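Chemist: Please see the structure below; I have some questions.
The values are calculated or read from the model by the stated rules, or taken from the named source; none is laboratory data. Here the structure is a predicted model, which is why all the values come from computation and not from measurement. Because the Cβ atoms are built from the backbone with ideal geometry, glycine has one as well, and the counts that use them run over all protein chains shown.
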Amino acid sequence: MAHYDTIIRGGMIVDGQRNSRFVGDVGIKDGVIAKVGRITPDTTCDREIDATGLIVAPGFIDLHTHYDAQVFWDPYLTTSGWNGVTSVVIGNCGFGFAPVKKDLRERAMRSMTKVEAIPMATLESAMPWDWETYPEMLDSIDRAPLAVNVLPYVGVNPLLVWVMGLEDAKAGRVPTEAEHAEMARLLNEAMDAGACGWSAQCLGIAGEPEKTSGDNAAQSDFDGTPMPSDVMHQETRMVLAEVLGERGEGFIELSGGRFMTNEQWEDLARVSGAPMIYQAVVPSGGMMQEWRRNQMAWFEECHKRGLRIYGQGITQNPPLLFTFDYWDLWGPVWNDLVGPDVSREAKLANFADPAVRDRLRAEPMKVMFIDDIQDTRVQKTQAAKFKAYEGKPIGEIARALDMHPVDVVCDIVLADELETVFQATQFDTTLEGIKELIDSPYIIPGLSDGGAHLKYLAAGSYGTEYIAKYVREHQFSTLEEAHWRLSAFPAFCAGFQDRGTIREGSVADLIVYDYDKLDYNFPEFRRDLPGDEYRLVSGGSGYRYVLVNGQVTIEDDKETGNHSGQLLRGGKADMTRLKVSGVRTLEAAE
């Protein structure tokens, strides 16, 4: 008679393959699903989980994260790991920390302080930097305790800098033939070590940094200049695509896709033969609605011609919560006068200065992809004069008090000594827009940006929101379709080889949850980062169990301390490390 490490009994199984749900059991042995169906009551196991009345489904696969640094201090890769995510992809948008020469380590970290709002003090205190090359970095990640699986992409930015030098890479010079050959060699080396493809941010004009990014761009380097990949040339992208074509494997993720022509995308898809992920398709109304519909029609046309170009959709609507300790999305004048690089004392002085207020009033109230300033809400204040207005938009408060919106912001921030918490939304998100993304067969849900924008965004709860709000509340899709979208579909698009579904032989990355109680928490600030820094987080509730590689990592919404995650080299787990004896804890690693 078979003996299992774990049996999950009597749950409602939604297998992630679009099959109809059914009540059954799941038997797990050495981290792998060994049996799905009915397991007789007399079968022995080391642990039995009663899933009666609960949903048993594959863990979510989060394709768009920036946990490249956080992986070294947070085994659960929160917020994602608290919200049913069992695997993540790092190295997105062309960002990353390898290959990086020793004398450019500080520069590499500083780049992430603006584009991803990761505090420098955190990076300096927690990054081990026991590598220079990409394979060496993967070895370092492999030594770190993980409660979530990690699949790595090669970010193009460090590759460009390594081969061309920082100045030439940022100037957008066309690489020489020899430099292109070296980039191809390094990409091959990285993929031989376990990378699953490459990524780039393309938010500019090739070879023209003076016309790209600048102080207005939220995605620029810390000094306001473009990232190297923003000004890279299509010739370089084609060289990297050819590597994938020659290998017959790999995947490509590009963000800022609207800065490239459809023909350029199609050429990359043809040459590489790889699935490509287009970042990002937004759920906005207005003019962006027409753009979104045109993009989705183009995705459909590409697939008819055999080109696997998928969009990643922002299928959630998390609030942006911020204080003026760190806020850089209201434009250059606000950033110059009261932005993240301005000292606390200078900010307070500027908020009180009538001349500064005049300059701020002259700044447009409308901000690209963010709520108008007057539509931004005061989420929390200690100021007695404004306490009654908590939860109300700045514009409404201004009308009630016969003040200009800028003066409302300045007065309340001064009264709170920079502690006022504001709430905004991004992308002019509409429910209709989210439904259009969910309805499209070529849109991958998510885009959590996990590990990035730490001071004001916590979107790792996207999977929880998808099920709780758009399936349970609005009934935009069936539960069967939702779990395929959240697990098997992204697994295919990004190169996961052995997980994403509940079937015999698949690795046991599973979530067991209470469908009626599943929910995502309103974000909150926590000071729990290395370097005594704070961040915004959002937990999930209703997760009775989360299993990663067969081990329970979350139980009743709480971490168990089991760090059974793996670095997925080539998209696969090392099956010899899936036994209980191989599970690492943070204490053991230290």
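Chemist: Does Asp516 satisfy being over 30 Å from Ala424 (Cβ atoms), crowded, with 20+ Cβ neighbours inside 10 Å and outside the structural domain of Ile467 (by TED's automatic domain parsing)?
Modeler: In short, no.
Chemist: Inside region 24-141, counting only strands (runs of 3 or more DSSP E) that do not spill past its ends, which hold 3 or more residues that are modelled with pLDDT of 95 or more and more than 25 Å from the chain's Cα centre (by Cα)?
Modeler: Correct list: 32-37, 44-50.
Chemist: In addition: What do you reckon, is Ala424 within 20 Å of Asp328 (Cβ to Cβ), among the hydrophobic types (A, V, I, L, M, F, W, C) and either under 30 Å from the mean Cα position of the chain (by Cα) or modelled with pLDDT of 95 or more (or both)?
Modeler: Yes: the conditions hold for Ala424.
Yes/no matrix, rows are residues, columns are (1) basic (Lys, Arg); (2) in contact with a Gly (Cβ under 7 Å, 6 or more places away or on another chain); (3) surrounded by fewer than 23 Cβ atoms within 10 Å (Cβ to Cβ); (4) free of Cβ contacts under 8 Å to residues at least 40 places away in the same chain:
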| residue | (1), (2), (3), (4) |
| --- | --- |
| Tyr278 | no, yes, no, yes |
| Pro283 | no, yes, no, no |
| Gln289 | no, yes, yes, no |
| Phe299 | no, yes, yes, no |
| His303 | no, no, yes, no |
| Leu307 | no, no, yes, no |
| Tyr310 | no, no, no, no |
| Gly313 | no, no, no, no |
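Chemist: Has region 158-179 got any residue that is among the aliphatic types (A, V, I, L, M), under 22 Å from the mean Cα position of the chain (by Cα) and assigned by TED's automatic domain parsing to the domain that holds Leu454?
Modeler: Taking every residue of region 158-179 in turn, at least one turns out to be among the aliphatic types (A, V, I, L, M), under 22 Å from the mean Cα position of the chain (by Cα) and assigned by TED's automatic domain parsing to the domain that holds Leu454.
Chemist: For region 180-189, which residues satisfy the criterion of being without any contact (Cβ under 8 Å) to a residue 60 or more places away in the chain and within 27 Å of the chain's Cα centre (by Cα)?
Modeler: Met183, Ala184, Leu187, Asn188, Glu189
Chemist: Here are some conditions: (1) free of Cβ contacts under 8 Å to residues at least 12 places away in the same chain; (2) in the same structural domain as Asp402 (by TED's automatic domain parsing); (3) among the hydrophobic types (A, V, I, L, M, F, W, C). Leu348 meets all but one. Which one does it not meet?
Modeler: Of the numbered conditions (1) free of Cβ contacts under 8 Å to residues at least 12 places away in the same chain; (2) in the same structural domain as Asp402 (by TED's automatic domain parsing); (3) among the hydrophobic types (A, V, I, L, M, F, W, C), the odd one out for Leu348 is (1).
Chemist: Among the residues of region 366-391, what is the count of those that are crowded, with 17+ Cβ neighbours inside 10 Å and within 23 Å of Val333 (Cβ to Cβ)?
Modeler: 9
Chemist: Take region 121-138 and flag every residue that is out of contact with any Asp or Glu (no Cβ under 8 Å at 6 or more places or on another chain) and free of Cβ contacts under 8 Å to residues at least 40 places away in the same chain.
Modeler: Result: Trp129, Glu132.
Chemist: Additional query: Among Pro405, Pro364, Pro354, Pro393, which is over 28 Å from Gln289 (Cβ atoms) and either outside the structural domain of Leu447 (by TED's automatic domain parsing) or in contact (Cβ under 8 Å) with a residue 24 or more places away in the chain (or both)?
Modeler: Pro354
Chemist: Another question, if that's okay. Test Thr52 against the stated conditions and say whether it is touching a residue at least 60 places away in the same chain (Cβ under 8 Å) and closer than 22 Å to Ala508 by Cβ.
Modeler: no
Chemist: Can you tell me how many residues in region 174-211 are under 23 Å from Glu116 (Cβ atoms), assigned to a helix (DSSP H, G or I) and of a type in the set (Gly, Ala, Ser)?
Modeler: The number of residues fulfilling the criteria is 1.
Chemist: Further question: Given the options Thr501, Thr576, Thr478, name the one that is polar (S, T, N, Q), out of contact with any helix residue (DSSP H, G or I) (no Cβ under 7 Å at 6 or more places or on another chain) and not assigned by TED's automatic domain parsing to the domain that holds Glu253.
Modeler: One residue alone meets the criteria, Thr576.
Chemist: Report, by residue number, each residue of region 251-276 that is of a type in the set (Val, Ile, Thr) and either surrounded by fewer than 23 Cβ atoms within 10 Å (Cβ to Cβ) or at pLDDT below 95 (or both).
Modeler: Thr261, Val271
Chemist: Out of region 99-110, which residues are in contact (Cβ under 8 Å) with a residue 24 or more places away in the chain and out of contact with any helix residue (DSSP H, G or I) (no Cβ under 8 Å at 6 or more places or on another chain)?
Modeler: Within region 99-110, Lys102, Arg105 meet the criteria.
Chemist: Restricting region 334-360 to residues that are of a type in the set (D, E, K, R) and outside any helix (DSSP H, G or I), which is surrounded by the most Cβ atoms within 10 Å (Cβ to Cβ)?
Modeler: Result: Asp353.
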